[in-house]
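*Asks:* Supplied in structure tokens, the structure appears directly below.
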Ligand SMILES: [Zn+2]
């Protein structure tokens, strides 16, 4: 194998590894029911804003006990490369504190578009409001 082909195969190996890590994380954390047995439902109200704080889109998502405990939201910018918002640890904290609701904001750390990889971050925002319903048995 020449040097160039070896590098390509290394890159695809890395991509596969990243994919594998993602799957592994889902498997390890399991479902909401596995992680947080007291949760009946989680409502997520999501607002997507561009870097100038202009509202681009809104979304309402409902997680049930069957949903994965890994909660990832795609970036709203179609050009964005490698971005997105991970709410897994936010949800963990809310449930651990037995809170009914919490809200906050996250900034996308992906790249603005393919031409600007390594140069310009996406910097879209996600404003979220998370409401948890507990099963009080
Ligand atoms: Zn983004």
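*Asks:* Using only the alpha-carbon atoms of the stretch 76-137, report the extent along each of the three principal axes, biggest first, to the nearest angstrom.
*Replies:* 54, 14, 14
*Asks:* Moving to a separate point now. Nearest 0.05, what FRET efficiency do residue 74 and residue 117 give at R0 = 25 Å with Cβ-Cβ as r?
*Replies:* 0.90
*Asks:* Among 107, 70, which comes first, second and so on when ranked by fewest other beta-carbon atoms within 10 Å?
*Replies:* So the residues, fewest neighbours to most, are 107, 70.
*Asks:* Assuming a ≥ b ≥ c are the square roots of the Cα gyration tensor eigenvalues, decide whether the stretch 31-134 counts as rounded (a/c under 1.5), prolate (otherwise, with a/b larger than b/c) or oblate.
*Replies:* prolate
*Asks:* Using R₀ = 30 Å, calculate the FRET efficiency as 1/(1 + (r/R₀)^6) where r is the Cβ-Cβ separation of residue 66 and residue 107; round to 0.05.
*Replies:* About 0.50, to the nearest 0.05.
*Asks:* Counting other beta carbons within 10 Å of each Cβ, put 66, 43 in order, fewest first.
*Replies:* Taking fewest neighbouring Cβ atoms as first place, the list is 66, 43.
*Asks:* Work out how much length residue 17 to residue 131 would gain on full extension: take 0.36 nm times their residue separation and subtract the Cα-Cα distance, in nm to one decimal.
*Replies:* Contour length minus the Cα-Cα distance gives 37.6 nm.
*Asks:* Give the residues of the stretch 113-137 whose amide nitrogen is closer than 19 Å to a point set 7 Å from the Cα of residue 99 in the direction of its Cβ.
*Replies:* Counting only backbone N, you get 126-135.
*Asks:* What ranking of 49, 63 emerges when the number of other C-beta atoms within 10 Å of each C-beta is taken as an exposure proxy, fewest first?
*Replies:* 49, 63
Taken together, the values in this text are just the output of simple stated rules run on the coordinates, not laboratory data. Computed from a prediction, not measured in an experiment: that's the story for all the values here. Note that we place each Cβ from the backbone using ideal geometry, even for glycine, and neighbour counts take in every protein chain shown.
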